[in-house]
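The values are calculated or read from the model by the stated rules, or taken from the named source; none is laboratory data. Just so we're clear, the structure is a prediction, and the values are computed from it rather than from any experiment. Here the Cβ positions follow ideal geometry from the backbone for every residue, glycine too, while neighbour counts run over all protein chains shown.
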């Protein structure tokens with residue numbers, strides 16, 4: 001744990017203690033796991049989103065169903081709680097700002113404006129001196145030509161807003177493909193980024209409190225399938241210098257943003273062991289789900305501690321761990337064989353309370369712990385493979 005900027009003006013006042021009510025903007029699986037951690041520590045949780053019977057709402061004390069642009073409802077929600085946080089970064093900034101007029105909102109809504117827009121995000125990285133792939137901003141056809149000429153090809157064009165899990169992006173193999181690639185994302189405001197032939201994708205999740213104290217879970221290795229996170233492993237199989245540099249950069253970004261809460265920094269690791277920041281998410285992250293079972297303090301409890309002004313908890317891993325996502329595709333051949341997956345006593349099951357499995361939809365995850373990260377990875381992948389054993393045998 002380290003300390004930075006202890007004299008900043010938003011340093012904590014009185015902590016918000018157990019028995020208080022925490023408001024959650026958003027109601028997906030990240031909010032669900034936050035609510036479980038918060039209720040375990042004696043807090044009440046109120047969730048606000050347009051969805052009823054949501055993953056978070058099933059575990060919260062109260063579920064408010066209203067549109068994010070209903071600012072009167074947002075104000076009433078914020079007045080009913082002691083502090084507000086969020087579980088995804090695409091909460092409208094106007095919603096977060098409306099809540100902030102009636103309760104503390106942490107992380108600060110200004111951080112959303114950086115995380116929600118790839119142009120703002122990448123310009124923030126570059127301006128603060130954090131390493132990023134070469135990129136150019138696209139708003140017009142002339143911008144597109146200039147960006148492609150600047151970064152070269154192959155490249156990737158990504159919408160400035162609303163892209164996730166590979167959505168809102170297209171590859172540009174050669175300059176003459178650029179117009180069609182931009183057309184495929186509806187000629188949206190975008191960034192063109194040099195294609196990175198990376199060796200691995202890794203992430204660091206860092207927590208920071210209002211006094212500037214920092215804590216992290218080290219470097220997590222991430223494997224993707226069809227642009228969606230598939231398996232995460234901790235500790236990541238990277239060299240000690242790479243691990244130290246990734247943590248240094250993540251701490252620097254959290255400090256530069258004056259974050260109060262939890263932040264995930266995703267990196268590309270190049271084949272010559274250089275780190276390039278890909279993107280940030282100012283909330284718990286899919287790659288940190290394994291902390292729920294493997295760490296002294298999981299990312300969700302740490303988010304609660306940070307936003308409520310409590311001391312940050314230990315992030316030590318009790319054992320190496322791995323996490324495998326469960327997408328809706330697992331249900332393709334019938335109900336998964338949960339008992340088969342849990343034949344390994346080191347495997348834990350987390351389901352998110354979503355009633356309708358769909359291809360690509362995150363329905364839950366499995367975690368496994370073991371004496372080594374490689375063994376944990378092997379065990380969690382094997383457990384997931386057993387889920388469909390009954391369907392294949394019938």
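Key figures
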quantity	calculated
Qualifying helices (runs of 4 or more DSSP H) (wholly inside region 65-159; at least 1 residues being within 25 Å of residue 28 (Cβ to Cβ) and in contact with a helix residue (DSSP H, G or I) (Cβ under 6 Å, 6 or more places away or on another chain))	71-79, 93-100, 109-115, 118-128
Selected residue [under 23 Å from the mean Cα position of the chain (by Cα), under 20 Å from residue 308 (Cβ atoms), in contact (Cβ under 8 Å) with a residue 60 or more places away in the chain and surrounded by fewer than 19 Cβ atoms within 10 Å (Cβ to Cβ)] from 33, 41, 24	41
The lone exception for residue 232 - which of (1) without any contact (Cβ under 8 Å) to a residue 60 or more places away in the chain; (2) within 21 Å of residue 303 (Cβ to Cβ) it fails	(1)
Region 46-64: number of residues that are closer than 11 Å to residue 28 by Cα and in a strand (DSSP E or B)	3
Lone unmet requirement of (1) closer than 30 Å to residue 310 by Cβ; (2) touching a strand residue (DSSP E or B) at 6+ places or on another chain (Cβ under 6 Å); (3) surrounded by fewer than 20 Cβ atoms within 10 Å (Cβ to Cβ) for residue 184	(1)
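Residues checked against (1) surrounded by fewer than 19 Cβ atoms within 10 Å (Cβ to Cβ); (2) in the same structural domain as residue 272 (by TED's automatic domain parsing); (3) modelled with pLDDT of 95 or more; (4) more than 22 Å from residue 271 (Cα to Cα):
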site	(1), (2), (3), (4)
111	no, no, yes, yes
127	yes, no, yes, yes
148	no, no, yes, yes
205	no, yes, yes, yes
209	no, yes, yes, yes
